[in-house]
Amino acid sequence: MSAEETQTTTTRQSHSSRALRWTVSITAVSMVVLGLALLYLLLEATNNREYERNYTKLVTINAVAAAALLLAIVWVAWRLYVRWQQGQFGSRLLVKLAAIFALLGLAPGLLIYVVSYQFVTRSIETWFDVKVESALEAGLSLGRVTLDTLVSDLASKSRAASAQAAEAPEGLAGLQLDRMLEQLGAVDISIWSGNGKLLANAGQTGLQLAPAKPSASQFRAARSDRMVSWVEGLEDATVNNLDNVRIKVLVPIFFSTALGLTPDLRYLQVTRALPANLVSNALAVESANRDYQELALGREGLRRMYIGTLTLSLFLAVFGAVLLAVILGDQIARPLLVLAEGVNQVAAGDLTPKLAIAGRDELGGLTRAFASMTEQLAEARGAVQHSMAQVDAARANLQTILDNLTAGVIVLGPNGEIRSTNPGATRILKVPLAAYEGQRIEQVEGLQDFGLAVQTQFQDFLALSTEHHLDHWQRTFELGTEGQASTPFARALTLVVRGALLPGDDRLLVFDDISEIVSAQRAQAWGEVARRLAHEIKNPLTPIQLSAERLERKLEGKLSDAEQALVTKSVKTIVDQVDAMKRLVNDFRDYARLPSAELKPVDLNSLIVDVMHLYDQEAQNVPVVLDLDPACPMVRGDAQQLRQVIHNLLQNAQDATESRAAQTGETAEVVLRTAFKPASARVRMSVVDSGGGFPQAILKRAFEPYVTTKNKGTGLGLAVVKKIADEHGSRIDIINREVDGKTVGAQVSLSLAVDNSGSADA
């Protein structure tokens, strides 16, 4: 499975899980609302009137809630079935948990339902017993009798107190009322005039700014009946307000006037508080009787209400158990699903951040640990990839360095097999070493002696490295010299080789071609020898020649003919050899005193044409054919030294061609060619002859002094050419020309740099 498919599956599962959680949440809220509705039904069941008025609505609401729960259960069951059929991870566990929790909810629920049904049915019938009704009526009668008794007692005592108040002097009315307050156990006593004016009081009335006076009807009743009593605050009494229930008695007081003619009518009002327990008991009995009567009226409806409530409670319990199973199952299975999906992704190589459950249980901790492990693996893989990138970059840099090194680098195995090479090694050794990887170096054609020498050197190094703490060895090798096997080298090579050990028993071989350096050192040595010989040899040559000639003149005519001829021949030999020695010394001198080149813009084609004017083509045994490239630009060089180079190369070419023509009798020619190389910005001058070529031993050392194939000559011609080429920073090459494996001549080429100054030599 690809990372995109995995991500899509994870997203789909997340959406599905989110939808399931929303459904479960809504269902749970519905269950809570239904539970509250059931509780409301239980609380209102005793209110017959409210019950009858809202019964239909309540039943409808509960039926709709039950249907919604049923639909939710059906939908959840369908989801479980689909997951089971699709074989999703955790579906079996969810079904098992749902079945277990449903069974746990259904079995106890049925038991409780049956027991509760019987209990409710029987209990409701016991509520409406005749004894209970009689007890309630007796309690009500007892409360009324007790209240009437208290009222009568207070009335009789108040009538006696009014008589005492009529006989008391007016100035002692206040003291009289205080004594009455204590005697009667009242909370308030007051005296009112006939016209309703407060005359005196004791108790709570004195604390009030505007005390409540009896009504006019109460005054009339008291005057006509000689007394009136009533209970105040009983109808408005509550459990929390029992102190305001009081008994009040209004009794007329008949006072005589000072003259004793007509009575002065006044009223005595006595107020006593009823005991709180008495009032509360009375209220309780009255409330119980009222509720009993209401329940008795709605007995059948109450029974249906309780049974319906129990039924809905059973459904609620069962559905709640199933939903709880789904919720718990999802909570248990979801971390397992996350872990399973994460394991599959990791197995597929996907180390992207994984989902972690925020729960505090062990499964949540396991998902977080797995996510952390995946993150650490991703970081480790990133670090490894970064390290590998760095290693690759370092390897690329190292390979670039090795590819651009002028020195040759070869990595050998423990047995001398070639592991890797760089282009420098191929360029120096003139062998495609990459094609020989896996083979021993001594098996490479032309490198047998070199490979054996290297292996021997490594063996000696390994034997001495531990004892002498050596980390490398260095040695100079001569390749392509006489006595060696056939080699691919056009000339002898002088290599300085450095060897060292690599980790893993591999061996490193680094070498560089120092042939040019050795050649330069040899040329410098020869120059020094030439300077010394020119000084040490040339001086005695002239006296020797003069002495021989003088000796010949002194002996002339004094010797016999035979002796004279011998002397003449000997003197001639001495003079000829002295001349030869002088020419040799002059050549040495010229080689040693070759001045430094003054590089200026030179038209090479024009210079060659000027030189060729010195050669009489008709008088020459070997003609020179010019093949000049008209596109050749100016080159940087010393015109005088380039003339000398052209002369030396043409002379050698003509000598070789003439010698070959004398042997074969064939007419041949020398070709002087120029060619412009735009890619390298250089002009190549080549002299091609038709001679016998160079032996391999001479070819590899042709530019060294005193190396020649001619019977006559000093062997300094090509050495001078090589020295001039070095002064010009040019490369000079010499090869044998072959046709069908047969040598048909030689070619010497000189590569000169193009002038970029833009000026011409005047």
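Residues being outside any strand (DSSP E or B) and touching a residue at least 12 places away in the same chain (Cβ under 8 Å): count how many of those fall in the range 728-755.
Step one: filter the range 728-755 for residues outside any strand (DSSP E or B), giving 728-730, 740-741, 755.
From the residues that got through so far, the ones that are touching a residue at least 12 places away in the same chain (Cβ under 8 Å) too are 728-730, 755.
Residues flagged as outside any strand (DSSP E or B) and touching a residue at least 12 places away in the same chain (Cβ under 8 Å) within the range 728-755 amount to 4.
Yes/no per residue for (1) surrounded by 14 or more Cβ atoms within 10 Å (Cβ to Cβ); (2) modelled with pLDDT under 80; (3) in a helix (DSSP H, G or I):
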{"position": "Glu552", "(1), (2), (3)": "yes, yes, yes"}
{"position": "Ala597", "(1), (2), (3)": "yes, yes, no"}
{"position": "Pro601", "(1), (2), (3)": "yes, no, no"}
{"position": "Pro633", "(1), (2), (3)": "yes, no, no"}
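Restricting attention to the range 648-698, which residues are in contact with a helix residue (DSSP H, G or I) (Cβ under 8 Å, 6 or more places away or on another chain) and of a type in the set (S, T, N, Q)?
Asn648, Gln651, Asn652, Thr667, Thr674, Ser690
Among the residues of the range 442-459, write down those that are assigned to a helix (DSSP H, G or I) and surrounded by fewer than 12 Cβ atoms within 10 Å (Cβ to Cβ). Walk me through how you get there before you give the answer.
Quick first cut of the range 442-459, residues assigned to a helix (DSSP H, G or I) only: 442-443, 448-459.
Hits for the range 442-459 are Thr456, Gln459.
Quick one: is Thr352 in contact (Cβ under 8 Å) with a residue 60 or more places away in the chain and either farther than 30 Å from Leu97 by Cα or loosely packed, with under 11 Cβ neighbours inside 10 Å (or both)?
Working: in contact (Cβ under 8 Å) with a residue 60 or more places away in the chain: yes; either farther than 30 Å from Leu97 by Cα or loosely packed, with under 11 Cβ neighbours inside 10 Å (or both): yes.
Judged against the criteria, Thr352 is a match.
Assuming Gln640 fulfils every condition listed in (1) surrounded by fewer than 15 Cβ atoms within 10 Å (Cβ to Cβ); (2) within 14 Å of Leu672 (Cβ to Cβ); (3) in contact with an Asp or Glu (Cβ under 9 Å, 6 or more places away or on another chain) apart from one, which condition is it?
(2)
Select from the range 418-440 the residues that are touching a residue at least 40 places away in the same chain (Cβ under 8 Å) and among the hydrophobic types (A, V, I, L, M, F, W, C) and write down the one among them that is surrounded by the most Cβ atoms within 10 Å (Cβ to Cβ).
Out of the qualifying residues, it is Leu429.
When the residues of the range 410-441 are filtered to those that are closer than 21 Å to Thr494 by Cα and part of a loop (DSSP other than H, G, I, E, B), which remaining residue is modelled with the lowest pLDDT?
Going through the qualifying residues, I end up with Lys430.
If you check Ala383 against the conditions, is it under 30 Å from Leu339 (Cα atoms) and exposed (fewer than 12 other Cβ atoms within 10 Å of the Cβ)?
Considered against the rule, which asks whether it is under 30 Å from Leu339 (Cα atoms) and exposed (fewer than 12 other Cβ atoms within 10 Å of the Cβ), Ala383 comes out as yes.
Can you work out which of the residues in the range 260-310 that are touching a Gly at 6+ places or on another chain (Cβ under 7 Å) and closer than 30 Å to Gly194 by Cβ is modelled with the lowest pLDDT?
Leu265
The values are calculated or read from the model by the stated rules, or taken from the named source; none is laboratory data. Since this is a predicted model, take the numbers as computed values, not measurements. All Cβ positions, glycine included, derive from the backbone under ideal geometry; neighbour counts span all protein chains shown.
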